[in-house]
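Everything on this sheet refers to the single structure shown next.
The values are calculated or read from the model by the stated rules, or taken from the named source; none is laboratory data. The structure displayed is predicted, hence computed values, not measured ones. We place every Cβ from the backbone using ideal geometry, glycine too, and count neighbours over all the protein chains shown.
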Amino acid sequence: MMIQLDFHSDIPIYVQLRNEIIRLIASGQLAYGDPLPTVRALAADLHVNTMTVSKTYALLKQEGFITTDRRHGTRVLPAESVGLENVESSLSLLASEAVIKGMDKQAFLSLCEKLLDNIHYEKKPLESN
Amino acid sequence: MNYFIVAVMGIAAAVVAYQIRSDAKERNGQFLLVSIPAYAKELDDYKRIKAQYKRAWQRQTIAMIISMLPVLFLDSLIAMIYLMLWFGAIIMTGYWPMRKYRKQLLALKAEKQWPSQETKYLQTDLRLTVKMQNYKDKTIRFLCPLCLNTMTVFVSVQYHHWLLFSCAVLMIVILLSGCWWLFHLSNETYSDEHELNLLLNRLKRNQFQKAWSYLTLADALFLFGITISFDHPLSFWLLFGGMLLVMLLVADGIYTIFHFQKTKEQMLSHHQTAFSDDQCWTVGWLGPVYNNPYDPRLFISSPNGMQMTLNHAKPGAKWFYYGIAAVIIVIMGGIFGYPYYLDQNHALSHLTIENDHLCVTSPFYEKTIAFEEITNIDWTDDLGNGQRLLGTDTIIYQTGKYHYDQYGDCELYVAGLHKSYIVVSANEGVYIVNDDDEARTKEIYEEIERMMAP
């Protein structure tokens, strides 16, 4: 369950971290209900400021990928149909970019299909604790 | 004296030679801090450079040993100067062979087009972070050094040993800072295997904490021993046993870290370590220098695995050096600057006569001698030859037990920059005191003499 950050990239660290966590959820490495580390512990291991991790968690929570409560801490708990409008707008932008750069409809759809095949996300019932 | 200097030089030479050898050693697919593919290790060119480097290191070690010998024929003072120059020379020239053969190896690598690894990502095992959150630190092992240092604080206050008091307080601060750092040690992702990462990180925490507890316990024991032996001299065997225990604890502390590094090396022998890019490392005058802007860590393990080094691409490295310089300035200021300031303002040592007692007061010492105990009193501006037995000598002030050819064993409470002393022979021993104003010392001496005259 590795996350990779590029400290020289133009993409802000908190966005890179958000993307990596979503990638881990989608690939099945972070399962439904799995705990995430505390802000302080993750910031220490990534050698970043606690505010950066805090910002990532807030963003993921706002987008409906994780949930935080006093008893269980932060967990992967994607809420269905939350933030779908965001997916649509992002996909629309990507499709536009692909068409402008010369990719035809069939190639774009087969690429999407191939990427979707790599996603192994599965919603499981939570253990009652 | 000269044999002692040679012994010191011998230890320094051994440490420097070992350090250079371990920095250059072939480990984790690297030699001379250059990553080498497995197939290249069988090539004749690579073997030639390796053999040449080994011979250069051997020649350098022999040169270090031979250059120690002139000390045996030199005068003590010149021998000390030679020692310092020799030490500077071996440090400055020590890494020269490593620099030379590393350059040759890099040229060979470029010529043969060996694949070069360039890591620009920080890889972190998220599950490791989750699991290590629940690691229970064994705080109990630090209780013993903390209690000993606290006892030293109380004993030094009771006997007014302010320098030892400062040392004990400083040791408590260092002990607690070290503990805080170790309890907040970040986890390292050594490989792609989660279980291996977890095992190594647990081992690292445990071993580092164990080593720190041993080293701080040894220091606390040493300090406590000095504090109690000031007023109640310890028997030879107790002192010998204490010193042996201190040395054993230090050795075990160092061995614990060494053992962890060895285990880590063995476990990771088949794994590619992160950030092994050749360009990250350079060999400077004082050893390997790490400079990688893609690596967010400030402290990283040095190539020999025993120490930590700084990532010079981080601004924190600069602040770390400023911090070290500031600490040195503060310590030197505390030892020399502050007493000198007091001395210049006549606040370092004050002699007074109160209720038939001669009192000497200072921020660093205090002594009262009753007139009825005094058997003889004398004034001098030259104490002659002498040496410190147990006490403090900062040139600016001297306090504690000393031995002078002229007076035998005596206790000193003097401002060292003012050559005017009162030598008091009393029933309990000889005391040498003075004021930071030479005229006042003479004045007090004459007054006592008048008061004691029949």
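For the reader, a short list of remarks on this structure follows.
- Scanning region A:8-44 for residues that are over 23 Å from A:Arg70 (Cβ atoms), modelled with pLDDT under 90 and not aliphatic (A, V, I, L, M) yields A:His8, A:Ser9, A:Asp10, A:Arg23, A:Ser27, A:Gly28, A:Gln29.
- Checking each residue in region A:37-56 for being within 8 Å of another protein chain (Cβ to nearest Cβ) and surrounded by 18 or more Cβ atoms within 10 Å (Cβ to Cβ) picks out A:Pro37, A:Ala41, A:Leu42, A:Ala44, A:Asp45, A:Leu46, A:His47, A:Val48.
- Within region B:290-300, being away from chain A (no Cβ under 11 Å) and crowded, with 17+ Cβ neighbours inside 10 Å holds for one residue alone: B:Tyr290.
- Where strands (runs of 3 or more DSSP E) fall entirely within region B:327-398, those with at least 3 residues that are over 36 Å from the mean Cα position of the chain (by Cα) and either under 19 Å from B:Ala415 (Cβ atoms) or not aliphatic (A, V, I, L, M) (or both) are at B:350-354, B:357-361, B:374-380.
- Hey, B:Ile90 assigned to a helix (DSSP H, G or I) and either free of Cβ contacts under 8 Å to residues at least 24 places away in the same chain or surrounded by fewer than 19 Cβ atoms within 10 Å (Cβ to Cβ) (or both) or not: no
- Boolean, B:Lys442 is outside any strand (DSSP E or B), assigned by TED's automatic domain parsing to the domain that holds B:Leu358 and of a type outside the set (S, T, N, Q): yes
- Looking across region B:44-66 at every residue that is under 28 Å from the mean Cα position of the chain (by Cα) and touching a residue at least 40 places away in the same chain (Cβ under 8 Å), the one that is farthest from B:Glu111 (Cα to Cα) is identified as B:Ile65.
- Checking each residue in region A:1-36 for being facing chain B (nearest Cβ under 7 Å) and either surrounded by fewer than 15 Cβ atoms within 10 Å (Cβ to Cβ) or polar (S, T, N, Q) (or both) picks out A:Gln4, A:Asp6, A:His8.
- Restricting region B:100-157 to residues that are among the hydroxyl-bearing types (Ser, Thr, Tyr) and not in a loop (DSSP other than H, G, I, E, B), the residue that is farthest from the other protein chains (Cβ to nearest Cβ): B:Ser156
- When region B:3-43 is limited to residues that are part of a helix (DSSP H, G or I) and over 30 Å from the mean Cα position of the chain (by Cα), the one that is modelled with the lowest pLDDT turns out to be B:Ala38.
- Among the residues making up region B:358-390, those that are surrounded by 13 or more Cβ atoms within 10 Å (Cβ to Cβ), closer than 20 Å to B:Glu438 by Cα and free of Cβ contacts under 8 Å to residues at least 24 places away in the same chain are B:Cys359, B:Thr361.
So that you can scan it fast, the table gives a plain yes or no per residue for (1) surrounded by 15 or more Cβ atoms within 10 Å (Cβ to Cβ); (2) hydrophobic (A, V, I, L, M, F, W, C); (3) in the same structural domain as B:Gly400 (by TED's automatic domain parsing); (4) at pLDDT 85 or above:
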| position | (1), (2), (3), (4) |
| --- | --- |
| B:Trp212 | yes, yes, no, yes |
| B:Met247 | no, yes, no, yes |
| B:Ile257 | yes, yes, no, no |
| B:Gln261 | yes, no, no, no |
| B:Cys280 | yes, yes, no, no |
| B:Met308 | no, yes, no, no |
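- Going through (1) exposed (fewer than 14 other Cβ atoms within 10 Å of the Cβ); (2) farther than 30 Å from B:Pro233 by Cα one by one, B:Phe336 falls short only on (2).
- Qualifying residue in region B:191-208 (condition: of a type outside the set (Val, Ile, Thr), more than 14 Å from chain A (Cβ to nearest Cβ), surrounded by fewer than 21 Cβ atoms within 10 Å (Cβ to Cβ) and closer than 26 Å to B:Val327 by Cα): yes
- Residue match in region B:66-76 (condition: more than 14 Å from chain A (Cβ to nearest Cβ), touching a Cys at 6+ places or on another chain (Cβ under 6 Å) and surrounded by 18 or more Cβ atoms within 10 Å (Cβ to Cβ)): no
One line per residue, one yes/no per condition, for (1) part of a helix (DSSP H, G or I); (2) of a type in the set (S, T, N, Q); (3) within 13 Å of the chain's Cα centre (by Cα); (4) more than 27 Å from B:Glu193 (Cβ to Cβ):
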| position | (1), (2), (3), (4) |
| --- | --- |
| A:Ser9 | no, yes, no, no |
| A:Tyr14 | yes, no, yes, yes |
| A:Glu20 | yes, no, yes, no |
| A:Gln29 | no, yes, yes, no |
| A:Ala43 | yes, no, no, no |
| A:Val87 | yes, no, yes, yes |
| A:Leu91 | yes, no, no, yes |
| A:Ala95 | yes, no, no, yes |
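- In region B:158-185, residue nearest to the other protein chains (Cβ to nearest Cβ) [restricted to those that are touching a residue at least 40 places away in the same chain (Cβ under 8 Å) and assigned to a loop (DSSP other than H, G, I, E, B)]: B:His161
- Taken over region B:309-324, the criterion of being aliphatic (A, V, I, L, M) and within 14 Å of another protein chain (Cβ to nearest Cβ) is satisfied by B:Leu310, B:Ala313, B:Ala317.
- Here the strands (runs of 3 or more DSSP E) wholly within region B:281-321 that include at least 3 residues being free of Cβ contacts under 8 Å to residues at least 60 places away in the same chain are B:299-301, B:308-310.
- Residue within region A:59-73 that is within 11 Å of chain B (Cβ to nearest Cβ) and either over 17 Å from the mean Cα position of the chain (by Cα) or surrounded by 11 or more Cβ atoms within 10 Å (Cβ to Cβ) (or both) present: yes
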